[in-house]
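All remarks here apply to the structure that follows.
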Amino acid sequence: MRTQVAIVGAGPAGLLLGALLHRAGIDNVVVERRSADHVLGRIRAGVLEQVTVDLLDEAGVGARMRAEGLAHGGFELLFGQRRKRIDLYKRTGKRVMVYGQTEVTRDLMHDRAGSGQPTVYLAEAVTVRDFDTATPSLTYRKGGSEHRVDADFIAGCDGFHGVCRASVPTRAIRTFEKVYPFGWLGLLADVPPVADELFYGHTERGFLLCSMRSRSRSRYYLQCSLDDKVEDWPDERFWGELSRRLPPEVAERLTTGPSIEKSIAPLRSFVAEPLRFGRLFLAGDAGHIVPPTGAKGLNLAATDVALLARAIAEHYRGSDDGIDRYSERALARIWKAERFSWWFTMLMHRFPENGAFGLRMQQAEFDYLCASTAAQTSMAENYVGLPLA
Ligand code: RFL
Ligand code: PHB
């Protein structure tokens with residue numbers, strides 16, 4: 001098979017890139033290792049920045065998000081006994097959209113099925129080849145036979161554990177990493193959310209987050225030990241622990257119910273530099289990871305592929321400037337989101353190993369945030385998303 005852009009991975013990065021390229025008249029093939037149902041079964045992000053909302057509109061897949069998504073003009077912070085609402089709209093004139101990654105992915109898959117652009121699911125042994133030449137290709141195995149896709153470019157949208165970044169010679173790439181000493185235990189349930197807005201808490205028992213997918217579906221997270229297993233957390237234990245971490249006046253409004261999904265995610269900050277290797281580009285989690293506290297991962301994936309789609313379209317119009325500057329432009333935005341996600345993570349979690357001094361620093365940071373409009377504006381500006389370069 002021959003195409004213009006071969007895309008590895010059918011997560012939000014790969015599918016959105018495919019949609020943006022198709023809209024620009026550029027043919028592409030998506031090759032994914034898992035089944036479509038498996039991809040849709042992963043419960044992940046829930047908060048979209050305005051830039052991401054606009055990109056989904058631009059890709060022609062924004063209608064259901066506009067109808068069903070919940071626009072939020074603020075969120076609440078709890079630190080010990082103190083509560084503070086961050087007014088996103090008042091500080092920035094912008095809101096965020098609460099609409100699940102699963103639904104974004106479903107909308108993109110639906111659009112792609114109607115576009116006629118090929119998608120190969122359950123592709124085994126995907127291998128990217130000759131990306132340092134003008135004739136890159138990828139191969140995969142399916143149904144017992146070997147297949148090959150020749151392309152002008154390869155987009156590595158295959159997530160943190162993908163094959164693309166791993167195929168780059170180690171001398172050509174530099175990586176930066178911080179691993180946090182805890183995880184997030186997430187639970188999804190068809191119960192009404194405990195509050196109208198998101199609620200992030202730092203408590204003596206650890207971090208908590210009350211989020212949602214709709215007015216009748218809630219998503220909750222608890223800081224947990226990296227040694228914990230999902231089996232250690234039957235629903236009753238989860239609800240009991242969440243109630244203990246919430247302030248009593250909020251806990252009394254909590255509706256519990258059977259979980260639909262429960263999972264544990266480790267927290268990591270990671271960046272690879274550069275993001276371009278000849279005709280191979282990395283985008284989304286393939287090139288960087290943020291801890292989920294700042295709700296930035298999916299949004300960064302969307303802005304990476306927006307820059308990449310523009311750069312590739314420019315190439316076919318005769319200029320390689322966008323391609324040459326993709327890595328630098330994307331990384332400038334990525335590092336700022338890394339900083340914000342790290343900062344918010346360090347403020348809101350329990351770090352017993354940082355001792356009493358560490359806790360005092362967190363308390364002072366929270367005090368400052370509560371008292372300073374400038375600090376709230378800075379937080380709000382980062383949370384709603386920095387402009388796409
Ligand atoms: P994905 O979604 O991991 O998709 C990569 C795809 O590539 C496939 N793949 C391969 N395909 C072919 N060959 C191979 N060798 C392959 N190896 C892998 C995989 O099967 C997969 O389908 O990466 P992508 O597209 O870059 O998207 C990134 C986002 O998924 C991620 O950043 C977000 O989910 C992060 N995130 C959040 N982001 C936000 O913007 N807002 C949030 O509120 C938010 N909350 C979260 C999150 C991530 C979480 N977890 C579980 C890490 C909450 C959590 C708990
Ligand atoms: C979610 O709803 O899954 C979610 C929301 C906000 C975050 C992280 C995850 O910061």
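Summary of values
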| quantity | calculated |
| --- | --- |
| Quotient of Cα Rg and 2.2 N^0.38 Å for the range 113-172, N being how many residues it contains | 1.21 |
| Listed residue pairs exceeding 23 Å between alpha carbons, taken from Lys94/Lys296; Lys94/Lys336; Lys84/Lys229; Lys178/Lys296; Lys178/Lys336; Lys90/Lys296 | Lys84/Lys229 |
| Inter-site label distance for Ser35 and Arg253 at 7 Å from Cα along Cβ, in nm | 4.1 |
| DSSP beta bridges in the chain [antiparallel fraction, %, rounded to 5] | 75 |
| Solvent exposure, largest accessible area first (probe 1.4 Å, DNA, RNA and ligands not counted), of Arg171, Arg91, Arg66 | Arg171, Arg66, Arg91 |
| Relative contact order (%) - the chain, alpha-carbon pairs under 8 angstrom, separation at least six | 21 |
| Total charge dipole magnitude, the chain, about the Cα centre, Cβ charges on Lys, Arg, Asp, Glu only, Debye to nearest 20 | 340 |
| Theoretical FRET efficiency, 1/(1+(r/R0)^6), r = Cβ-Cβ of Glu273 and Thr139, R0 25 Å, to 0.05 | 0.35 |
| The chain, helix-only ellipticity at 222 nm - DSSP H runs n ≥ 4, -39,500 (n - 2.57), divided by all residues, nearest 500 | -11500 deg cm²/dmol |
| Value of Rg/Rh across the range 169-255 [Cα atoms, Kirkwood radius] | 1.11 |
| Which of Thr175, Thr133 is most accessible, then next, and so on - probe 1.4 Å | Thr175, Thr133 |
| 10 Å beta-carbon shell around Gly322, net charge (K/R +1, D/E -1) | 0 |
| The chain: DSSP helices with Cα axial extent of at least 24 Å and average Kyte-Doolittle hydropathy no lower than -0.5 | 297-316, 321-348, 355-371 |
| Accessible surface ranking that places the most exposed of Ile289, Ile264 first, with a 1.4 angstrom probe | Ile264, Ile289 |
| Surface accessible to a 1.4 Å probe, per residue, for the residues of the chain, Å² | 43 |
| Computed FRET value (nearest 0.05) for Arg217 with Ala63, which takes r as the C-beta separation and R₀ as 25 Å | 0.80 |
| Relative contact order (%) - criterion: Cα under 8 Å, at least six apart; region: the range 278-389 | 25 |
| In the range 305-366, trypsin sites (Lys or Arg not before Pro) in a DSSP loop with at most 12 other beta-carbon atoms within 10 Å | Arg317 |
| Residue of Pro247, Pro292, Pro169 that the Gaussian network model of the chain assigns the largest fluctuation, springs spanning Cα pairs under 10 Å | Pro169 |
| Kirkwood hydrodynamic radius over Cα pairs of the chain, then Stokes diffusion coefficient at 25 °C and 0.890 mPa s, in µm²/s | 113 |
| Charge tally in the Cβ shell below 14 Å around Gly159, where Lys, Arg are +1 and Asp, Glu are -1, Gly159 excluded | +2 |
| Aspartates and glutamates with Cα under 20 Å of Lys262, excluding same-chain neighbours fewer than 8 positions away | Asp37, Glu103, Asp190, Asp227, Asp228, Glu231, Asp232, Asp235, Glu236, Glu241 |
| Residues in the range 127-156 reached by a label modelled at Met1 [backbone nitrogen below 18 Å; 7 Å Cα→Cβ] | 127-129, 136-156 |
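The values are calculated or read from the model by the stated rules, or taken from the named source; none is laboratory data. Since the structure is predicted, the reported quantities are computational estimates derived from the model, not experimental observations. Quick reminder, even Gly has a Cβ in these numbers, built from the backbone with ideal geometry, and neighbours come from all protein chains shown. These accessible areas exclude ligands, DNA and RNA; they are computed on the full protein's heavy atoms, side chains included. Shrake-Rupley method; radii C 1.70, N 1.55, O 1.52, S 1.80 Å.
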